Structures are given as C-alpha cells and as structure tokens.
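Please treat every number below as a calculation from the coordinates, not as lab data. What you see is a predicted model; the values in this text were computed from it and never measured. Neighbour counts run over all protein chains shown; Cβ positions are idealised from the backbone, glycine included.
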2 protein chains.
Amino acid sequence: MKLNIAVLSGDGIGPEVTKEAIKTLKAIAQEFDHTFNFKSASVGAIAIDETGEPLPDATLDLCKHSDAVLFGAIGDPKYDNNPNAKVRPEQGLLKLRKELGLYANIRPVKAYDMLLSQSPLKEENIKGTDISIYRELTGGIYFGEKQLSEDGNIASDLCEYSREEIERITHLAFKAAQTRQKKVTLVDKANVLETSRLWRNVVKQVAEDYPDVVLDFLFVDNAAMQLILNPKQFDVILTENMFGDIISDEASVIGGSIGLLASASVGDKHAMFEPIHGSYPQATGKGIANPIASILSAAMLLDHFELHEEAEMVREAVEKSLQLEITTPDLNSKNNTITTSKVGDFIEDFINNPK
Amino acid sequence: MKLNIAVLSGDGIGPEVTKEAIKTLKAIAQEFDHTFNFKSASVGAIAIDETGEPLPDATLDLCKHSDAVLFGAIGDPKYDNNPNAKVRPEQGLLKLRKELGLYANIRPVKAYDMLLSQSPLKEENIKGTDISIYRELTGGIYFGEKQLSEDGNIASDLCEYSREEIERITHLAFKAAQTRQKKVTLVDKANVLETSRLWRNVVKQVAEDYPDVVLDFLFVDNAAMQLILNPKQFDVILTENMFGDIISDEASVIGGSIGLLASASVGDKHAMFEPIHGSYPQATGKGIANPIASILSAAMLLDHFELHEEAEMVREAVEKSLQLEITTPDLNSKNNTITTSKVGDFIEDFINNPK
Ligand SMILES: [Mg+2]
Ligand SMILES: [Mg+2]
C-alpha cells in the first residue's frame, strides 16, 4: 500500500516521540513492502513563532492532501498562563479537527496486566478494563460563540448541537460496540442541559438500528465516579465534546501510564492519529519522553487502513518492550538510562527481525 | 441559641437519612441547652406529585424565613429517563439555590483512616487527603439560556459568568485557605473558554488581597486526572458550576464511601446543608440508607452558626460509630443488620451520654 502521511509533530516532546512513530512505520513499510511517504509541517506554538498562526495554511493544505495525519503534541506554558494572549497553540488543533471534519475522537483505555501495579487504582478493580471512548470533537461549547462584554465584566460561551452532529458519531459508536461487548453508555447531563436532552433523543433513535447493542445512560458527574469505582462496567462510552475531554482524561489514569495511550480522530474523509499526552515542555530534549503512545497511534493508523497484521506486529513489539522493561524511566523500575530513541530502536529491531 | 431550621427531606432515601440528622440535632439541643425548631416542607418529585411544582411557594417561603435549611435528596427515575418531561425534580433544587442566593457549594473530601481499605484507590496514594472544594453554584451553563429549535434539530445552552459572581466565591475560597494549607487551585479551561479566561483574570485580582495564599491553575481535564493520581496535592479547589459538579463527584470516591460526605451551600443571607448522595430510590424504605452524610451535614450546620463544640461532638460520635462498626451494611463487613435508625440511635446516645 502507498500512503502519504502528513507529520505534524508540534511542540515540546511532540517531535521526539513522533520521530519514533515514524521509525516504527518505516520498519513496517520495509518489512511488509509498503510505501509510506512522510511530509512534515508545523503546528502549535512553534508555528505561531514561525508564522504568527497556530495552523498555517500550508500545514492545513498538506493535511488535506494526505491520506492520514500523524500528530505529536502542542502547547507551551507561555500561552497557557497568559489569559490575554490573542493566539493560542490549541487553536491550531481545534481548527485542524474542524477543517478536516474529524468529528469523532476515539480513545481506547486498557489496563495492561504488566502495568497494573503502576495504577493509582487497586488492581482487582481495574484488571480486565477495556473501554473505547467515543468523544464528539467538533461541536459543543469549545466551538460555540464566545463573548466578552466591552467592560470585560461578563463572559459567555455557547454550547450548541445539531441532530446531524450527534447522529454521525452515534453510528460509529454503535458499529464499534457491535464488534466488542455490544454495550454503549451515553454520558450526558440530561437532567439539566437542553443539548444533553437532544443527545438522548437522537441516540435513542439511532439505537433502534442496532437492536443487538444495549444502550444505557449516565449523568456526567456520576460517570466521573463510576469510572473509578468500577471501570469494568463500560464497553463503549459515547459523549459530547467537553464531557469527553474530561472523562477520557480521567479514564487515562486507569492503566497506570498515559505515556501508553493513543487516540484516533476520524471523519468521513480524513483521519489523524496522536498520543493523548501533552507537550510536557519540562521534559523536552532530555530523551526521557515515553514514545509508546505515539508508536501505538501509528498502530491505530495502520488499523484504519485495514493493515491489521502490521498493526498487530507493532502492538506485539510494544508489549515485548514492556515485558523486557525496555522502557523510558517513567515505567522503568530497574534502569533509568533507556532513552526515547532506544525504545524506538527496540521496536524497529523487533519488527525487522520478528521472532 | 435559638434556630429555626427548615427541613426539606425530599425523595427516595432523603426522609430516612434526614430523620437521623434531626435526631442528632435534637440530642445536641438537649445536651447544650439550645432551642432548635424544625419545620418541614416538600421539594422534588414528591412536591411535583402533590402540587405540580418541584419547589412550591410555601416551601420557598419557609426557607426564606428560616435560619438554615436541612436538605435530604431529590430525584426520581420516572423523570430522569423521560427527556420530554416538562417539570423535573432537580429544578426544585436549582431554583432553591438561586432564590436563597446560595452561590457557593462547599464540599470537604477527607480520607478517613479507618475506611482507607474501602477506597478504590491505593491507600498510600490517598492517606492524609484533605480537600475542600468550592463550587460556584448559581451561574454558568446550568442556569444559562436554553433553546431548542422548533423542528427539534438544534439545541443550545449558554454558559455565562460575571465578574461579581466570580469575586464573591473567590473571597470565600481564599478565606477558607487561610485557615487551612494556604493554597487555592483554580480549575478551569482557560485555553478554550472565554468564561474560564474571565475566571482566571478575576481570581488573580482577588488573590492580591491574600498574599499569604498560593494560587495555582489547572485545566479541568488535567484536574480530573490529578485528583486520582495525587489527591494530596490539593488544599482548596475553586471552580465554576459544572466543572465543580463533575470534579466534586469524582473526588467523592476517594474516601471510600459517599455515604459519609456532607456539603454546605452558602450565600450572604442563607445556608443549606445536605448529604452529597442522591435519592437512591432503589434503597428507599429498606432501612439500609447510610445516615452519616446527613448527620455530618448537621455538623456543618452547627459549625456555620459557630457552635463548634457541638459540631465536634457530632463528628466524634460519627468517628466512634465507624470505629465500632455501628454502621449500615454499605460500610459493615461483619454485620448487615444495623439499620439507618440504629446508627442514628447510637449517635444520639453518644451525645446524650458523652464519655
Ligand atoms: Mg484533554
Ligand atoms: Mg453532581
């Protein structure tokens, strides 16, 4: 297969971890005789520094003409703590998702047996957890109209959803559930919010097309508790943008390391793959960033193009590295000298010399 | 002291647990020679059944003319799962908070040593956790304008905040921090939301009046992770209404039982005290509801009127009941026959016969 992959490695540790994902994909291309072409472009704080824009036109154009986007991380503290900054790195990511029509963010959350002891949760509560969170990504309050009164004393954000926005991701979630444990939990706040009541109505209607899937409902505040009390109760979680942001980050602690968690953002025409962790500026350039999430996002990319055998080999290589503790210091109890690139080298070597 | 206390016990297990809180307050009144007058009124689903309104005028009137409100719980599944219901029990609580000007919800989250083993989190991570969450209660998206298009295809909710709404709760949070570990963490989403940026600006300005208190900031998605990864890092958490709803319910799992957690909702003129748990209709009438949260909310009521010795005696009685496992089945490993009212009897007896 020939794939043109846009590489947007971004800020902080983004470039370091993305480099290892590319190393992995190149090894896969060599081993399975594919042609993967990589083209890089800037996004985030580094793009603001270079062009004044968090998502330069050239970057967006590259993404639109690529088969997939491999994304690193964005964000820089010089923007986070300045409430008056006019341009923010995160706007680049929000705009990219919108422009590419990436309306669904998919986050697998899995408790790896070999890392159970690293979890802040008790092992017996989490062993076997396997959740897939479907978060709506281009609607809701993050994209609604924002206002600040002239005197600076009143601010507002509008949360808006249409039937169509809800329907398309709901179909994806139910289709995924059909290949899993056949359960969808809609997380909302239908006892208070009009948008949540629309979600319930629409999701109930879509559910009629999937009689083999059980649908249930959970208020977001209760869901925030249940994820910690009993995460094994969940199969597919479906939710709106902001609730999904909070709930999926909360769920990310279950497995013991967010350095392992990948995500996909998909639309009807485009798809983007990225680690869920941020740009961790304090770790930049030290060789300590864990590249596994970025490498697993490359595996999700392979799966997206139905290269399942290839994806499976990447995941095997990752599991092997965890078993042998060929891991960065965040996961390594014995050796704190294994760098980001050494982990990538091990994965590359495993793929090129499969046992 | 003479206090007129409005009792709004509400739905589900509300009446059962509130009865034990009243028993406790009566014992305190007798022991310390106070006069507490209790008057009851209906709220929630039961009030809808009786009057068509979740907060009848007579109930609101009683509350306005009382020194404090002792609240039970509201909610009934026949409304929760009907997105087309015009009147909802929760509207009663929302309206009451608004009408009484209860703009700050205060939730202590404490890990009791004797219950550490009940927590879903690892004991070493939570031992010593002592957080006080200040949630803004009358603004934000829960109260903003709601719209549903005529064809039912587009819904919206408006999140709005004014400088004044932010200032008044911020002062309460900083004053509380001065009596604690002198740290306030503002939880927001200032990288995306205009309202969050207003919160940051206003809170930074108010913080200048409290030079002995350290202020830091956390995005709500990160906060949802940090509460599980390292809850001991927090002292006072300050946040807007919806984030506070999610974060404080999430935090409630830390201590191992939400049956223990009380809350206060305060304004400039009125104050209300309630357990944080819901109406648990499935437990109603079985004598298994844990009354401790309601009893501890009575202790917060006593503290509010500076009856600190009295409040401390209630808390001692509660700790004693936990030590001796005079507890309802949810907390009892040895005996599942101790009922709601037996726990209240023990607390009453402890107060009337202090050791
Ligand atoms: Mg997030
Ligand atoms: Mg809640």
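Shielding by partners for peptide A:146-156, expressed as the average number of C-beta atoms from other protein chains within 10 Å of each residue's C-beta, is 6. Pairs of Cα atoms nearer than 8 Å and 6+ residues apart set the relative contact order; for chain B it is 23 percent.
Scanning residues 5 or more positions from residue A:188 or on other chains, those with amide H under 5 Å from its amide H are A:218, A:219, A:220, with H placed 1.01 Å from N in the peptide plane.
By DSSP, the beta bridges lying fully in chain B are antiparallel in about 40 percent of cases. Rounded to the nearest 20 debye, the dipole magnitude of the protein assembly as shown is 780 debye, with +1 charges on Lys and Arg beta carbons, -1 on Asp and Glu beta carbons, and the Cα centre as origin.
Rounded to the nearest 20 debye, the dipole magnitude of chain A is 400 debye, with +1 charges on Lys and Arg beta carbons, -1 on Asp and Glu beta carbons, and the Cα centre as origin. Each other residue within a Cβ distance under 9 Å of residue A:156 adds +1 if Lys or Arg and -1 if Asp or Glu, for a net charge of -3. Which one, A:51, A:36, A:94, projects farthest toward the positive side of the charge dipole computed for segment A:1-117 from Cβ point charges (K/R +1, D/E -1)? Farthest along the dipole direction, towards plus: A:94. Net charge in the neighbourhood of residue A:42 (other residues with Cβ under 10 Å of its Cβ; Lys, Arg +1, Asp, Glu -1) is -4.
Both radii were evaluated on the Cα set of chain B; the Rg over Rh quotient, with Rh as the Kirkwood radius, amounts to 0.96. Only beta bridges with both residues in the protein assembly as shown are counted; by DSSP, about 45 percent of them are antiparallel. Counting Cβ atoms of other protein chains within 10 Å of each residue's Cβ and taking the mean over peptide B:241-249 gives 5.
With label points defined 7 Å past Cα in the direction of Cβ, position residue B:337 shows copy-to-copy spacings of 6.6 nm, given to one decimal and shortest first. Remark: label point of residue A:164 defined 7 Å out from Cα along the Cα-Cβ vector; separations to the same position in other copies 4.2 nm, ascending. Only lysine pairs 8 or more places apart or on separate chains count here, and in segment B:233-355 those with Cα atoms under 30 Å apart total 9.
Given a cut-off of 18 Å, name the pairs among A:122/B:183; A:19/A:95; A:19/A:39 whose C-alpha atoms lie farther apart than that in the structure shown. The answer is A:122/B:183; A:19/A:95. The charge dipole of segment A:1-133, taken about the Cα centre with unit charges on the Cβ atoms of Lys, Arg (+1) and Asp, Glu (-1), comes to about 220 debye, rounded to the nearest 20. In whole Å, how far is the Cα centre of segment A:12-80 from that of segment A:291-355? Cα centres, segment A:12-80 to segment A:291-355: 19 Å.
Per residue of A:200-207, how many C-beta atoms from partner chains lie within 10 Å of its own C-beta, taken as a mean?
2
Projecting label points 7 angstrom from Cα along Cα→Cβ for residue B:150 and residue A:268 puts them 2.7 nm apart. The Cβ shell under 11 Å around residue B:165 holds other residues with a net charge of -3, Lys and Arg each +1, Asp and Glu each -1. Pick out, from A:282, A:148, A:318, the residue whose Cα sits farthest towards the positive end of the charge dipole of the protein assembly as shown, with +1 on the Cβ of Lys and Arg and -1 on the Cβ of Asp and Glu. Going by the Cα projections, it comes out as A:318. Computed over every Cα-Cα pair of segment B:111-262 and binned at 10 Å starting from 0, the pair-distance distribution P(r) comes out as 11, 37, 31, 16, 5, 1 percent. A crude spin-label estimate for the pair residue B:114 and residue A:179, with each label 7 Å from Cα along the Cβ direction, gives 5.2 nm. Shown is the FRET efficiency for residue A:35 and residue B:37, computed with R0 = 60 Å from the Cβ-Cβ distance and rounded to the nearest 0.05: 0.10.
For segment B:1-67, the spread of Cα positions along the three principal axes, ordered from largest to smallest, is 41, 25, 11 Å. A label point on residue B:181, set 7 Å along the Cα-to-Cβ line, lies at 3.4 nm from each of its counterparts in the other copies, closest listed first. Projected label points at residue B:229 and residue B:212, each 7 Å from Cα along the beta carbon direction, are separated by 3.2 nanometres. Structural descriptor for segment B:111-262: relative contact order 37 percent, calculated from alpha carbon pairs under 8 angstrom and at least 6 residues apart.
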